């Protein structure tokens, strides 16, 4: 189609009234893109009210997109619409991520039934699930909606805390479900909870210095090394999850939480990209 071909009055009215078939309508639209004269010829033939209605519908669709299942569920649970929208786009609350976490923990739970080595595997992996989830919840390197989140009139620190709470609730719920599959001592199903809390709060505290993804990576490496070292040093005993260690994890979680609160302005500044 070239611009040597132009619309006539009959074709203009048929197109404006929607009486052209798909092929002809596509040809007309392709021509209108390149021909200003034909656009001017068409403009008076289009009903202004109909055009305004179309643009209003488009604007409503773009400005107020339909909420997804997670967003609707959050709103039904009493979460404010703006908070529900920001939570719904959290990468580590998406079905692909949660499905991956559930799969890994399910295999780890099954491996735990094979003996002490399998139990160590589960107790080591389970605390890392919320750490990874929190790390992916907010950051330039992991969150595809990071720039949108920064642009919203929503405090960066509050957004991090809200997403952290949501990620902890979902990942810990998945991990507890996986732990209940195990046929072991009662403490085994919850022995990883305080380590998970300590590792997560430590990751958030380190966010005052580095991005959450890098903080989580460092915490994860140290955690795995500590689990392996204590296992070998204590001849296959799960001493890293004993009463004394649990108390230490509780203290670490409290200290890290205080550090997060103390540096919340700095963390918010970094989360907001240095714009707060």
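The values are calculated or read from the model by the stated rules, or taken from the named source; none is laboratory data. Model, not experiment: these values are computed from the prediction. Every residue, glycine as well, gets a Cβ built from its backbone with ideal geometry; the counts of neighbours run over all protein chains shown.
Kindly check whether there is at least one residue in the range 70-87 that is surrounded by fewer than 11 Cβ atoms within 10 Å (Cβ to Cβ), over 25 Å from the mean Cα position of the chain (by Cα), modelled with pLDDT of 75 or more and on the phi < 0 side of the Ramachandran plot.
Looking through the range 70-87, none of the residues is surrounded by fewer than 11 Cβ atoms within 10 Å (Cβ to Cβ), over 25 Å from the mean Cα position of the chain (by Cα), modelled with pLDDT of 75 or more and on the phi < 0 side of the Ramachandran plot.
In the list 120, 160, which residue meets the criterion of being surrounded by 19 or more Cβ atoms within 10 Å (Cβ to Cβ) and modelled with pLDDT under 85?
Unique residue meeting the criteria: 160.
Assess whether residue 194 counts as being farther than 20 Å from residue 126 by Cα, in the same structural domain as residue 115 (by TED's automatic domain parsing) and in contact with a helix residue (DSSP H, G or I) (Cβ under 8 Å, 6 or more places away or on another chain).
Criteria not met by residue 194.
Hey, any hits in the range 240-248 for a residue that's part of a helix (DSSP H, G or I) and either closer than 22 Å to residue 104 by Cα or touching a strand residue (DSSP E or B) at 6+ places or on another chain (Cβ under 9 Å) (or both)?
Within the range 240-248, one or more residues are part of a helix (DSSP H, G or I) and either closer than 22 Å to residue 104 by Cα or touching a strand residue (DSSP E or B) at 6+ places or on another chain (Cβ under 9 Å) (or both).
Conditions: (1) in contact with a helix residue (DSSP H, G or I) (Cβ under 7 Å, 6 or more places away or on another chain); (2) assigned to a loop (DSSP other than H, G, I, E, B); (3) modelled with pLDDT of 80 or more. Residue 1 meets all but one. Number of the miss?
Among (1) in contact with a helix residue (DSSP H, G or I) (Cβ under 7 Å, 6 or more places away or on another chain); (2) assigned to a loop (DSSP other than H, G, I, E, B); (3) modelled with pLDDT of 80 or more, the lone unmet condition for residue 1 is (3).
Just checking, how many residues over the range 124-157 are buried (at least 20 other Cβ atoms within 10 Å of the Cβ), at pLDDT 65 or above and either over 30 Å from residue 111 (Cα atoms) or touching a strand residue (DSSP E or B) at 6+ places or on another chain (Cβ under 6 Å) (or both)?
Residues meeting the conditions: 3.
Only one residue in 228, 205, 256, 248 is in the same structural domain as residue 104 (by TED's automatic domain parsing), at pLDDT 80 or above and more than 21 Å from residue 168 (Cβ to Cβ). Which one?
228
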